[in-house]
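The values are calculated or read from the model by the stated rules, or taken from the named source; none is laboratory data. On a predicted model such as this, the values are computed, not experimentally measured, just so you know. No Cβ is skipped: glycine too gets one built from the backbone with ideal geometry, and neighbour counts run over all protein chains shown. When the accessible area is computed, the model is the full protein with side chains, heavy atoms only, and any ligands, DNA or RNA have been set aside. Shrake-Rupley method; radii C 1.70, N 1.55, O 1.52, S 1.80 Å.
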Amino acid sequence: MAGEDCVRKRQSGSTATCKTPENEETQRRPESERSFQNSSNGRVDVDHAITRKMQLIAEAEQLKPAFMKEVDSHFTEFVNSLAAKSVFLDSSSASPFPASCSEKELHKAKTLRAPPEHGKIFTARRSLLDELFEVSHIRTIYHMFIALLIVFILSTLLVDFIDEGRLVLGFDLLVFVFGKFPVVFCTWLCMFCATVTVPYKLFVWWAQGYCSSSHRVLRSLFYGTLFTLFQTAGLGFGPTYIAVSYALPPASRFIVILEQVRLVMKAHSFIRENVPRVLSSVKDKSSTVPIPKISQYLYFLFAPTLIYRDNYPRNPVIRWGYVATKFAQVLGSLFYAYYIFVRLCIPQFRNSSQETFNLRGLVLCIFNSILPGVLILFLVFFAFLHCWLNAFAEMLRFADRMFYKDWWNSTSYANYYRTWNVVVHDWLYYYAYRDFLWFFGKKFKAAAMLSVFTVSAAVHEYVLSICFGYFYPVLFCLFMCFGMVFNFILNDRRKGPIWNVIMWTSLFLGQGVIICLYSQEWYARQYCPMENPTFLDYLKPRSWSCHMKM
């Protein structure tokens, strides 16, 4: 045994070192630990232990960024590889995915979207904010916004108490902007019922007789013309006429016009996705015509997506507590916006509208409007893209909750446009951008992008013009001028954090310009009404001439 060997060597006077397992372990220990052992003499050296612990913590903190970066890179590579294999599986139904796919093929698949015959692929996933709110640090930011709302409420109550001598709990602004609700509900009901019946019936009649028809082109032109008339006259002109003729207030107009745009996009998606299926079945001489059920179409009209599918990934249960929480957050965001307008917007623009127009006043107005503009931007994102869509997704057990991505981390406007509103971006990509390239060829990518920008800018300006009751193309100019320029300058090659700062700075300034100019025009039309306005009077900005007169 080792101990006996040591005794013999000691007895024989050998000068060799006795290497027992215990001694070898002692030799392998770091010098600091051995010195700690030697200096302690059986007692715990507290100061040395604390120093050693702090050293270990410092080393761990130094290793943490590299470790997290390594884990993130491996995880990203794994997810991209998995997505690439999924693309190959979907695009090659005849031949299975090869066991050994080359790196070149995998890299090519990573840069591709879903194959054209499949379009967008839906999968079960949570919304990003739901995942982030599980982190206490991110949840604290949410709590800070709640605290800011409480401050707004207290400020309003205290000011009203000082001015009136009592607490004023009236919400006259909310009552005004959401006025004439029965007209809004009846208009929406007519729009929805028409969208349920007309596009579906037109498609069914066309599909059932297309195979046996001897004049397929004429039949397609006839039903296509009827569908286009329904989209432009029925869903296009009708709701707009009601909103204008009944003089609906701004928020009520927003409900009608946004629902009008949503139903037009959904009806287009339903026809666009199902017509190629019928044409393929006729080409393949299939005995059955693929006509969706009315229940599938009805589910699509309520589902929080603008891309039609016969079936979507579904969750097993409905969490009604989650639904109630999301609707409560929508209501809270509504009151948040109310207090922002009451405390930050109305006092400023009510007074500035009575001052002479000058460059200094315009610059101050823009910079004073940045804070309320950014808060309104956050509230629109949180209330609609997160809470409202997630509430309906939960009630319908709709499992794909990627309504947005991490747009706040964007270092380019190209990425910001893709991630801010994924629902609308998918529709524009598949039915505007990609169809444009299919029709004109892949050489015209710049023209396709310009057409998508034009359509998006025109629709946004149309919504604001109808809802505010005047034409003032501020948003259209920002889209077409600065938006297009930044899209090419701040492109996807910009990766550094400085570009994220530039993106946020320009976004702040843009929100200030929008809030300032549209609010000035609103109050100018209140203070400087025209008795018999002509059509051109609705197109000319009233804020310029109104300020000059005053």
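Side notes on the structure shown:
- Estimated FRET transfer efficiency (I141, S545; beta-carbon r; R0 56 Å; 0.05): 0.80
- Qualifying chymotrypsin sites (Phe, Trp or Tyr not before Pro) for region 361-395 [loop in DSSP, other Cβ within 10 Å: at most 15]: none
- Eigen-decomposition of the gyration tensor built on the alpha-carbon atoms of region 424-545 gives equivalent ellipsoid semi-axes of 33, 21, 10 angstrom, largest listed first.
- Where labels lie 7 Å past Cα in the beta-carbon direction, separation of D406 and C528 in nm: 4.8 nm
- Among the listed pairs K180/K201; K120/K445; K180/K326; K201/K293; K266/K293, those whose Cα-Cα separation exceeds 22 Å are K180/K201; K180/K326.
- Spatially, region 513-529 and region 128-142 are offset by 37 Å when compared through their Cα centroids.
- Solvent-accessible area of R253, all protein chains in place: 30 Å² (probe radius 1.4 Å, heavy atoms, ligands and nucleic acids excluded).
- Formal net charge of residues neighbouring L128 (Cβ-Cβ distance under 10 Å; K, R +1; D, E -1): +1
- Simple spin-label estimate for R350 and L298 gives 4.8 nm between the two label positions (7 Å along the Cα-to-Cβ direction from each Cα).
- Nonlocal amide H pairs with F398, under 5 Å, H built at 1.01 Å: N315
- Label-point separation in nm, L218 to V289, each point 7 Å along Cα→Cβ: 1.8 nm
- Exposure of C186 as accessible area (Å², to 10), given a probe of 1.4 Å and all protein chains: 80 Å²
- For the pair region 298-368 / region 417-447, the C-alpha centres are spaced 26 Å from each other.
- Using θ = phi - 60° and Karplus 6.51 cos²θ - 1.76 cosθ + 1.60, couplings along region 518-528 (whole Hz; Gly, Pro as x): 5, 5, 4, 5, 4, 6, 5, 6, 7, 7, 10
- Calculated P(r) tail over 22 Å for region 176-312, as whole % of Cα pairs: 44 percent
- Extension gain for H460 to R277 (0.36 nm times residue separation, less C-alpha to C-alpha distance): 62.7 nm.
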